[in-house]
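The values are calculated or read from the model by the stated rules, or taken from the named source; none is laboratory data. The structure presented is a predicted model; accordingly, all values stated were derived computationally and were not measured. Every residue, glycine among them, receives a Cβ derived from its backbone with ideal geometry; neighbour counts consider all protein chains shown.
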Amino acid sequence: MDRLTAIIEYQWRAHWRQFSQAGKLAAGNRGIALVVTGLILFKYFRLLTSARIEVARGNAALLSFLLASIFLGCVSVCLNSPRAGRSLSELRRLPLSISDLFAIRIVSTFMTPFSWLVMAGAFAIVYPIAQAPRPFAGIVAALLFISMAWSSGLTLSHLLTIKAWRRVLFVFLLVITAIAVGMFTRNHPNLLTNFSWVEPHVLVAQAAMGKSSLFSIGILLGFAALALFAARWSFSQSLTIAASPSSERKAHSLLFHFSGRWIGLTAKDFRYFLRLLDPYFGVIVSALGCLYLISSSAPSGTAMMVLVLTVLIPNAPLAFNSFGLDTRSGMDRYALLPAPGTAIIRSKNLAFAMIAGAQVLPLILLSGWRLGLLISFAALIEAASLAVAYMAWGNWMSVTSPSKMHFYRFAPATNAIPEIIAGVVMSSLPGVLILYLIRAYGERASWVTVLILLACVLPYLLVTNLSGRRFEMGRERIRDSLAQGFG
């Protein structure tokens, strides 16, 4: 026990030492992120008051919604934390068991201020439950639910480090999304309520309202135990993967078969970008859009243009923080290459364009089949304009506000939040303008959209050249920023 306490104490010191070295709350606008999170938490506490009134009246709908939000918050904290597999696998050289390492993993999850805020919100759910007909049963069920939520988040964070499980989870998410969309498009949303008896947040509400309280607590106890077992099992599997020599091998890329001066850099960035979770939301939006274009009896051109606009947003971290997945040694290797900064940035832009294009291309092809070639052409121009605008803004942000990102995690929300919001808004303006033209003038405006694309290309060329020069002058600063990053 003393060994575990000492290791956790050292991890705590190392974490907060990194925090202070990164410039305290000012760096990366972490203070702004905490303020935004605090505002969300303030709104959440106001909803708790409303839920308390509703529960006293016998209505648990708002309580169920807040419980579902708690679950998402717990999972998000686990998915946003940096990978701990490699650092913990190094601790296996010490006389520590898997259970000891798993205990360290759990405690390290609660070392960030964001985890404290989420945990405070989770335990605050007791406030409305205290007004329920069965408050004791509801509180017990809520505690089991919170334990299950954290264990589920840890399980997902561990499984995402394993290649086979990443594929399984992605396919499972697509299937569930397609089923849910199919039920709603066929006007059968009530079919989902047939499974409400196994939904954890519904079980907590039922236990608090006195509807089969013992049964609900029993089911939640089984869920919590199963989630904890899954978290420990997945943790041991992730340690094995991290410690395996084969895990150091880099995935082969088809891009290496093509000739080109900087194709190796593009292949590396393409492989790195695929290991970030954010772009896969774009894949889901694209899949839903394809399902809409195929199944709808009368698809709308406006909806198609909105889908193209929406697909680019989850891919924004790839453009806005294109150096975030590079390592310190990787930045040193850039200095050894006979490559100017502009070429390095454009290689990252090409990788971004390939990933975003793969998501948008199915929508464009299906729109040509269902909506006509002119709408498909307008959608193509819209996608190109948006991509160029995102890259123009992102190239400047990547060299001025870089921050460390981690594989198989979401991009950190603490990096330059005002700039990110402004970048998404400004970069979306070409798409919004094209959407307005298509709605106002129909297919006649399709050829006018080419002028918008040209208007986006010129600033991109200028900003890229300036960003390349700034990168060459500030390479050491970017390298230090990435070395100081933490989750």
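The table that follows gives values for the structure above.
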| read-out | value |
| --- | --- |
| Which numbered condition residue 299 misses (of (1) within 25 Å of residue 425 (Cα to Cα); (2) touching a Lys or Arg at 6+ places or on another chain (Cβ under 8 Å)) | (1) |
| Condition met for residue 354 (closer than 16 Å to residue 467 by Cβ and surrounded by fewer than 23 Cβ atoms within 10 Å (Cβ to Cβ)) | no |
| Which listed residue, of 371, 363, is in the same structural domain as residue 322 (by TED's automatic domain parsing), surrounded by 23 or more Cβ atoms within 10 Å (Cβ to Cβ) and in contact (Cβ under 8 Å) with a residue 12 or more places away in the chain | 363 |
| Leading residue by the ranking (modelled with the lowest pLDDT) among those in the range 389-416 that are farther than 25 Å from residue 286 by Cβ and of a type in the set (S, T, N, Q) | 414 |
| Number of the condition not met by residue 83 [criteria: (1) charged (D, E, K, R); (2) under 27 Å from the mean Cα position of the chain (by Cα); (3) modelled with pLDDT of 85 or more] | (3) |
| Scan of the range 272-322 for residues that are under 17 Å from residue 398 (Cβ atoms) and in a loop (DSSP other than H, G, I, E, B), ordered by number | 276, 278, 321, 322 |
| The range 336-388, subset more than 22 Å from the chain's Cα centre (by Cα) and among the polar types (S, T, N, Q), residue modelled with the highest pLDDT | 385 |
| Selected residue (criterion: modelled with the highest pLDDT) from residues of the range 456-487 that are touching a Pro at 6+ places or on another chain (Cβ under 8 Å) and over 30 Å from residue 13 (Cα atoms) | 456 |
